[in-house]
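Peer 1: Take a look at this one; I'll ask things after.
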Amino acid sequence: MTEDTMSPSRTLTLLLVVLRGAAACSGSIETGMMPGDEMKGTGGDGSPLPGEKPFDGFGGMGGVPPSPMTVDLCKKQSAGFSPMRRLTRLEYTNTIRELLGVTDVQNPGPSFPPDAQVHGFDNAASVQTPSQALVSGYGDAARDLAAIAILTMPKLLGCDTAATGEEPCAKSFIASFGRRAYRRPLVQAEQDRIFTFYAGQRAKYGFTAAIEQLVTAMLQSPNFIYRVEVGTPTAGQTDMIKLTQHEVASRISYLVWESMPDPTLFTAADRGELATSQQVAAQAERMLGSTKAKATVAHFNNEWLHLEAIDDPALTKDTRVYPAFTPAMRGFMKTETSKFLEDVMFGASPTLSTLLTADYTFANLRLASFYKTTGPTTDAAFVKTPLPAGKRAGLLTQASFLTVNAKEDQSSPIARGVFILEQMMCTEPPAPPNDVNVIPPTVQPGTTTRQRFEMHAANPCAAACHMLFDPIGFSFENYDGIGTWRDRDNGFPVNPVGEVKIPEEMAGKYNGAVELATKLSTSETVRACVPKQWFRFAQGRSETAADACSLSILGDLFKGTGYNMKKLIVALTQTPAFLYKTTGGTP
Amino acid sequence: MKRTVTLARLPRRTVLRGAGGIAISLPFLEAMLPRMASAAPAVKRFVFFYFSNGVNPTVWHPTAAPGPIGTLPETLSPLEPLKDKLVILSGVNMQSARENPGNGHNVGMTNILTGRKFLFETNTEFGAKGWGAGITIDQEIASRIGAGTPYGSLQFGVQTLRSYGANAYSYISYSGPSKPIPCEDSPQKMFTKLFTTIGSGSGDAQARLDKRKSVLDFVAEDFRQVNAKVGAGDKAKLDAHLTALRDIESRLSFVGQAGPACTKPVLTFPRDHNTSSAFPAVGKLQMDMLAMAFACDLTRVATLQWSSGQSGTTHSWAGVNEAHHGLSHKTDAASVILLQKVQQWYMTQLAYLGGAMALKDSNGASVLDNSVVLASSEIGVGPTHTFLNMPYVMLGGAGGAIKTNRFLKYTNATHNDLFVSIMNAMGIPATSFGDPKYSRGPLAGLVG
């Protein structure tokens, strides 16, 4: 690793560790010092054990010192329980592609039952149930994939049986394939056991079938299907356990690529070069530069921002009300947002502010006319296009977002308001009673959408909840159910005045969605929420009280980078939650 | 029967199984049937038939006094040919759901077969959401009566993920808390799983079985080793995985008590089972295979799930061109009639399933007579989301345990206790199911 590739991360990296011991372990496998090495074992309540130093390795970041809150929160070393994670369908697909070089056509991942979602994210460990259908799917996939893999036998084996003899070749295959499939070096006893299995199959069915059996078996092993983390247990350390460097490598790789580590990352782990937080950050940063990271970021954004629904057949519009919502237009909306998000995240200024207040989008001719702007000359090409000032800004006024968060035949102040509250502010409104009639008010002549939905507020029971999000949703009333700008709704002037009630830092009235976007882009609540959403995605679980230190570190880093969302992904690798396995309690 | 004599020499297990599927030779091997078929006791079977978005109670529940079924209410009229196999229940509530705040459809889906309040996950625009909090009745029954068949249970789906994807609106069956069991929505895949012959000869089939056994042994040891290194929560997940794997593999060599009607069905599959127009055809295929899976004793428990909670299906083939959920909330006269058409269409499907289950079972009775087919929805009534007086109808007599052609009226009974009765009818001596808070014992007069 050159000094050049290291340096960007240094500006970011939180010096969680004093580098004590980093040199000593250099070159050794699985014994490297991990970031946060000062964070020794703790008592049951997370307080330092007698004689242990509290977590005091916080060295600041890029010259920005840790906030007093972080220093305080991280005195007690803790993180939420880290459950073992199973490869998601997407991760399985990506991993198989990397491991076997199998193309999409033959890839079985999509045929598995879909991964259940929590908080909108489909990688939540708490619902990764090994159902019969899934386990059966793993078996079918393993047999199919192994049969395909042996068709390219010499390439698969990496050795020539004619030259070396079968047995040495089988042994080297077990070591090399095992390391990649299990994402760590296999200890000798494991290799011996696998060889015994191979030898038994070889005697019965011949060499080729024995290799096929071997691959079939290893693809059904928990070491492949699950991300098994054992850590490097240390005497006296019972709660927070340091991950091995190969386990850290997998965490980075599945965070940034949703796939297995590449050779560079494997080598780094082999050499003990994931020992420091800087080294971890450098790898994460390197990997973010790959196109593979774009897919991950898009996956996160689609789930966080509820954009998947644009592809959902359940999303339909009443074409009598919205004749413009053609299948082609739907595709254009999707393309626009995906190009915009990729540009935001991988362009010059990947900040929260750009996401919410950008004065441009990516449009083709049809969309440019929809937005009443100019630039694009054909429908085939999407080009960076200015937005009409004061009427559109950032993601929240894009057609896809407004279409997804709307009804079939009208806008939906509720859906839009709740989205802002839950996804941007991480605030969950209390649940309405379950016997409430949840039918939205139907379109009626002589009323605006706002007037119909304001009837919630007339009901004192409904008012309590709806006052939290309806007034936010009302500020989107200049956009109809597919996002077309309107000055009048049902013949009456639109009133786009919105109001945030809580939290206090954001409370107050404002005018329209563009002002809301600006307000959100500088809100401390939103700035705390974005790292929280990424945390859920990165850790495959909801945050708990024990994650206060990690979230505070993320908050500091997010702030210290000017709310840079791309660097936030690297920051995720710098927390105790990411670098440690927490065994306390049950999920 | 010359054919019978020849085939009788084959070891049964080499024919009736295969990797990833069950090999059933055609014509089906009568030689493998129990010799004393007619004297055999009934093999009892359970089906749950799910449809979405509730009913219109005024044209669903009989107004007559309890007793033999008289004129069927309008929505149930498609069941007329099966009236003597029918039991209509009223006054059974989903009490757990009533006490479970949250989105009505999500609450309904998670309570419908668990008899428990859901595990709270998050609040949404339309109420709290959560996952099912325990084992469902189908799985409980499967664990008691499903041993010895190639599949412990089968989940037949019709576009179950199309409306909402993989979230709690889309599942009815759970193996445990937060452990939803997905449906197989592809009839083609279901067919491959159940009926495809693989391997041309018995030697091949034996080698395949042996290979799978070796792989299982290897993988099981890996599970054991990993299990020793991880915490309690992770152990439970690994255990469940290995149990599922062992179950799948061990059942490969099982042969149920296939009945005389067992044949490999000849079916034509739609190109895309998830296009809206394929909905009725997919449903019919799934019902045909469900009935045959019972006749072949491939399993004894099944669910058939049409779409999902809060379904957005548009039943244009039934003359209704409006999406189901939106329609279910409307109260104007024209919409109510359209919704009835949808509900009647589902009862027509239930009647089709009942008809398909007329196949002879191993004891000579019909598969339907040996079964209980319970049908219901996740909510009682569309616009109110009530869980009172749920729309339960049952087909089949559980091998004589349940007298049919009856309308039974209860007052504030719970669906937990309905499940207790069904378990009893299946020969399972249960007194409680789901959250014991909602279970007081079997419903009076349903069984026996």
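Peer 1: Identify all aspartates and glutamates with a Cα-Cα distance to B:K360 below 18 Å; exclude those on the same chain that are fewer than 8 residues away in sequence.
Peer 2: The qualifying aspartates and glutamates are B:E30, B:D84, B:D288, B:D297, B:D369.
Peer 1: Let me ask something additional. Which residue, B:A65, B:A323, B:A281, tops the fluctuation ranking in a GNM of chain B built on C-alpha contacts under 10 Å?
Peer 2: B:A65
Peer 1: Turning to a different aspect of this structure: Just tell me how shielded B:209-217 is by partners: mean number of partner chain Cβ atoms within 10 Å of each residue's Cβ, no decimals. Display every interim value, and only then the final one.
Peer 2: Working: counts 0, 3, 9, 4, 0, 8, 14, 3, 3.
Averaged over the peptide's residues, the number is 5.
Peer 1: In terms of Cα to Cα distance under 27 Å, which lysines are near enough to B:K437, apart from those fewer than 8 places away along the same chain?
Peer 2: Once the sequence-local lysines are set aside, what remains near B:K437 is B:K117, B:K129, B:K179, B:K409.
Peer 1: What is the ratio of the Cα radius of gyration of the range A:487-560 to 2.2 N^0.38 Å, where N is its residue count, to two decimals?
Peer 2: On the way: Rg = 16.8 Å, N = 74, 2.2 N^0.38 = 11.3 Å.
After normalising by residue count via 2.2 N^0.38 Å, the value is 1.49.
Peer 1: A further question on this structure: Compute a Gaussian network model of chain B, connecting alpha carbons closer than 10 Å, and tell me which residue from B:S214, B:S90, B:S311 fluctuates the most.
Peer 2: Top of the fluctuation ranking is B:S214.
Peer 1: What pairs from A:K372/A:K519; A:K559/A:K581; B:K83/B:K264; A:K334/A:K384 go past 18 Å between their alpha carbons?
Peer 2: On the way: A:K372/A:K519 25 Å; A:K559/A:K581 26 Å; B:K83/B:K264 29 Å; A:K334/A:K384 15 Å.
Where the Cα-Cα span goes over 18 Å, the pairs concerned are A:K372/A:K519; A:K559/A:K581; B:K83/B:K264.
Peer 1: Right, another one. Along the positive direction of the dipole of the protein assembly as shown (beta-carbon charges: Lys, Arg +1; Asp, Glu -1; about the Cα centre), which of A:W485, A:H246, A:S353 reaches farthest?
Peer 2: It is A:H246, whose Cα lies furthest towards the positive end.
Peer 1: Give me the number: length gained by fully extending A:D318 to A:A203, i.e. 0.36 nm times residue separation minus the C-alpha to C-alpha distance, one decimal in nm.
Peer 2: Numbers: separation 115, 0.36 × 115 = 41.40 nm, distance 6.60 nm.
34.8 nm is the gain from fully extending A:D318 to A:A203.
Peer 1: What whole-number distance in Å separates the alpha-carbon centres of the range A:508-570 and the range B:360-419?
Peer 2: If you average the Cα positions of each part, the centres end up 51 Å apart.
Peer 1: Follow-up question, since we're still on this one. Points 7 angstrom from Cα along the Cβ direction at A:D311 and B:K341: gap in nanometres?
Peer 2: In this crude label model, A:D311 to B:K341 measures out at 3.4 nm.
Peer 1: Counting only trypsin sites (Lys or Arg not before Pro) that are in a DSSP loop and have at most 16 other C-beta atoms within 10 Å, tell me the longest site-free stretch of chain B. If you can, show how the numbers build up before the last one.
Peer 2: Working: sites that count: B:R9, B:R35, B:K229, B:R271, B:K403, B:R440.
Here the longest run is B:36-228.
Peer 1: So what does log10 I(q)/I(0) come out to for the protein assembly as shown at q = 0.05 Å⁻¹, using the Debye formula with one equal point on every Cα and no solvent?
Peer 2: Reported log10 I(q)/I(0), two decimals: -0.34.
Peer 1: Only bridges whose two residues both fall in chain B count here: according to DSSP, what percent of them are antiparallel, nearest 5?
Peer 2: Approximately 45 percent, going by the DSSP bridge assignments.
Peer 1: With everything on Cα atoms, drop me the angle between helix B:333-356 and the longest principal axis of chain B, reported from 0 to 90° to the nearest 10.
Peer 2: It is inclined by approximately 30 degrees.
Peer 1: Moving to a separate point now. Neighbouring Cβ atoms within 10 Å as the yardstick, rank A:T161, B:T331 fewest first. Intermediate results must be reported in sequence, preceding the final value.
Peer 2: Working: A:T161 18, B:T331 12.
Least to most surrounded, the residues fall as B:T331, A:T161.
Peer 1: While we're on this one: Need one value for B:173-184: mean number of C-beta atoms belonging to other chains within 10 Å of its residues' C-beta atoms.
Peer 2: Numbers: counts 1, 2, 4, 1, 3, 8, 6, 5, 6, 10, 2, 3.
Mean shielding by partner chains, rounded to a whole number: 4.
Peer 1: Partner chain Cβ atoms within 10 Å, averaged over the residues of B:156-169 - can you pull that number for me?
Peer 2: Working: counts 0, 0, 0, 1, 0, 3, 3, 3, 3, 9, 8, 7, 4, 0.
Rounded to a whole number, the mean comes out at 3.
Peer 1: Calculate, in whole percent, how much of the Cα-Cα pair population of the range A:268-345 lies beyond 16 Å.
Peer 2: Numbers: 1926 of 3003 pairs.
Value for the range A:268-345 (Cα pairs over 16 Å): 64 percent.
Peer 1: What is the distance, in nm, between label points placed 7 Å from the Cα along the Cα-to-Cβ direction at A:A507 and at A:Q188?
Peer 2: My value for the distance between the label points is 7.0 nm.
Peer 1: Using modelled amide H (1.01 Å from N, peptide plane; none on Pro or chain starts), what sits under 5 Å from the amide H of B:T414, excluding residues fewer than 5 places away?
Peer 2: B:N93
Peer 1: Further question: Nearest 500 deg cm²/dmol is fine: what mean residue ellipticity at 222 nm does the protein assembly as shown get from its DSSP H runs of n ≥ 4 alone, each adding -39,500 (n - 2.57), divided by its residue count? Intermediate values should be presented prior to the final figure.
Peer 2: On the way: 40 runs with 419 residues, N = 1035.
Result for the protein assembly as shown: -12000 deg cm²/dmol, rounded to the nearest 500.
Peer 1: Let's test the formula: R0 of 22 Å, r as the Cβ-Cβ distance of A:S349 and A:A389. What FRET efficiency results, to the nearest 0.05? Don't jump to the answer; show the numbers that get you there.
Peer 2: Details: r = 19 Å, r/R0 = 0.84.
So, using R0 = 22 Å, E works out to roughly 0.75.
Peer 1: Let's test the formula: R0 of 56 Å, r as the Cβ-Cβ distance of B:A444 and B:R224. What FRET efficiency results, to the nearest 0.05?
Peer 2: E(calc), rounded to 0.05, equals 0.70.
Peer 1: Please report B:S308, B:S175 as a ranked list, fewest other C-beta atoms within 10 angstrom at the top and most at the bottom.
Peer 2: Working: B:S308 31, B:S175 25.
Ordered by Cβ neighbours within 10 Å, fewest first: B:S175, B:S308.
Peer 1: Another one. If you rank A:I148, B:I141 by fewest surrounding Cβ atoms within 10 Å, what's the result?
Peer 2: On the way: A:I148 17, B:I141 25.
With the fewest neighbours first, A:I148, B:I141 line up as A:I148, B:I141.
Rule-based calculations on the coordinates, nothing more; no lab input. As the structure is a prediction and not an experimental result, all values here were calculated from the model. Cβ coordinates were reconstructed from backbone atoms using ideal geometry, including for glycine residues, and neighbour counts include every protein chain displayed.
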